[in-house]
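Participant: Please read through the structure below; I'll follow up with questions.
Each reported figure results from applying straightforward, stated rules to the coordinates on display, with no laboratory input. Computed from a predicted structure; not experimentally measured. Note: ideal-geometry Cβ built from the backbone for every residue, glycine included; neighbour counts use all protein chains shown.
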Amino acid sequence: MAAERKPPRHTTALRAALPCAGLLLLVAPRAAHAFTPADIGTSGGPSLGAPFPNSFPDAGTAGTGTTGTGTGTGTGTGTGTTGTGAVGAGATPTAGGLLPPDYRYQGTLPVVMGGLPAPGFTVVPTVTLQEEFTDNVLQTETNRRWDLVTLLTPGLTIGANTPRLNLSLQYAPTLEYYARTSSQDAIAQQAYGVGNLVIVPDTLFLNGTVFATVAPINGGYAGTGIGGVGPVTATSAVNGYGAGTTGITRQGTTQIYGASLSPYLVHQFGDIGTGTLGATLTRTSSSNSAGGGGAQEATTEDATAQFESGPVLGRVQDTVLLDASRTQGTGVLGGSQQDRVSDRLAYALFHQLHVFGELGYENIRYSGVYGQHIEDATWRLGFTFIPNPDSQITISYGHDYGATSFRASANYALTARTTLVGGYDESVTTYLQQIANGLGQAGVNQNGVPIDTTTGLPLTAVNSALAVQDTVYRNRVLYVGMTTLLDRDTFGVNLDYTEQTPLSTLPGGGTAQHATTINGTWARALSERATVSAAVSYGVTSASGTFGNDTLFSLSGQFVYALTPTITTSASYLFFRRRSTAPGFSMYENVVFVGITKRF
């Protein structure tokens, strides 16, 4: 067995491909943005004017834009997905680039697997049977061992599209049975769901999000999805999360769970403005203690109040935000707190250019030996440029999280078929907080693929290239993505750079690490029944101390064929190679999948 590094170290055919098993398109995971509800629309987040967790994109972030085909091509427990599509024009931003939220009917409607949004309620059971061949089941540098793995995945997709409820929920646990290596037998839990309930029209609402996935503890994976080289099930093909631990030893993975519930109250005071009160309860956990960094849990209670001025101020818009959260959990999250207050003043110089300034205060406290305390004034200056109805660029400079930095977010429609998305963000966070904040940004596009509603890119809860750390670190993320949608083809290129710097200087207080990944994807509808896809990915990771540097490369291809409207077959191939300066961590693997999915 390989030596474990100790942490922290548009066509019908394309839509028909969604429920297929065995998709192996390698899309490098983008690091989750560490945005808290208070950050959104204030100092940290790129989505302005919506401080509450959005199960679906607000008006103005999903709207009428062209949406990608969403081939759902994550692998392992991966989040890889092509066809994220252009973010639509939606509502026209008001002064300062603040998007007026429409809490009643947020975003795109949920879909059932293999179909377009349907009115009413839809329940679709599925079952997927796959057979996998791997020539390096334990992913060792030497003493390679082949194995045959049988994967059985019952799935259930529930969709709701009513005037009061929007819901998209998929659940698909995978049973993995190894013919020669029974020690790796496992059940990988997979789930993804977002929903919005209108309790009292125009007044009282309830958002909810849930997900489960599997991630590597020691990192070292990029482009293969968050779990390495595992298959994709009927459900995960839709939601972009892969099928568990296949391709990584059980000792090297952790099962992740997350759920959030957010009731909130909205009231409009005529032309004076709109007030919003809300609360969020979030529970996250990482369940595997192997390697030291996998076992964590946290429960967070958050209260938020916002008032946003209306047209009474003309070109000026004032947004006051108060947010307070308390967390109980393991390690640094035990008894931690975050309190923020801010006032943002925005002015529309003209229709396409808005400037804003913000003043505030933050009190952030983490407990324990490696805890941190940041208490400071915050400020930020910036502008939002709207070159056309389908594009928006926001850049700012300011001080928060105890440091001064730039922030940027951009969604630009280069053409009617090509969209460019990018951004840069800095924050202070932890592993579980990144997961929780990802829940707050979760949504689905028109094809049911999970997306980050602030960017339109596939939602990524964790970064599989980096090791799990139970510590507080400064997180820096730079990402750029481009998607082109043709009549039969979808092309995607993504670049991501993530850097984590622990704030504690005590021994054992964390390891500085960073990862850069770039990947390209392609999918083509050959006919109404057949789809072919391919991907290539390259990444480099580095960690301080003796944990080593890694070079990652992966290549994959897949063919999907729909025998009937409810039965789909697939065949896939994946090659993955990791070269590492850490002893025993280098390896390569070839994996072949064949599978069949029945939708009832």
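Participant: Gain in length, SER183 to THR569, computed as 0.36 nm per residue apart minus the alpha-carbon separation, to one decimal in nm?
Facilitator: 136.1 nm
Participant: Quick check on packing: order 470-477, 133-140, 364-371 by the mean number of other C-beta atoms within 10 Å, highest mean leading.
Facilitator: Result, highest mean Cβ count within 10 Å first: 470-477, 133-140, 364-371.
Participant: Further question on the same structure: Cα convex hull of region 383-433: how many Å³ per residue?
Facilitator: 93
Participant: Could you tell me how far the Cα centroid of region 489-539 sits from the Cα centroid of region 345-386, in Å?
Facilitator: So the two Cα centres are separated by 29 Å.
Participant: Ranked by Cβ crowding within 10 angstrom, fewest neighbours first, how are LEU466, LEU381 ordered?
Facilitator: Least to most surrounded, the residues fall as LEU381, LEU466.
Participant: With bins 10 Å wide starting at 0, give me the P(r) of region 489-600 over every alpha carbon pair, in whole percents.
Facilitator: Answer for region 489-600: a P(r) of 12, 29, 26, 18, 11, 3, 0 percent.
Participant: Provide PHE585, PHE553, PHE121 in ascending order of the number of other Cβ atoms located within 10 Å of each residue's Cβ, fewest first.
Facilitator: So the ranking, lowest neighbour count to highest, is PHE121, PHE553, PHE585.
Participant: Also: Sorted by mean Cβ packing within 10 Å, highest first, what order do the peptides 334-345, 166-177, 194-205 take?
Facilitator: In descending order of packing, they fall as 166-177, 334-345, 194-205.
Participant: Let me ask something else about it. Using a Förster distance of 60 angstrom, determine the FRET efficiency expected from the C-beta separation of LYS598 and VAL200, and round it to 0.05.
Facilitator: Here the calculated transfer efficiency is 0.90.
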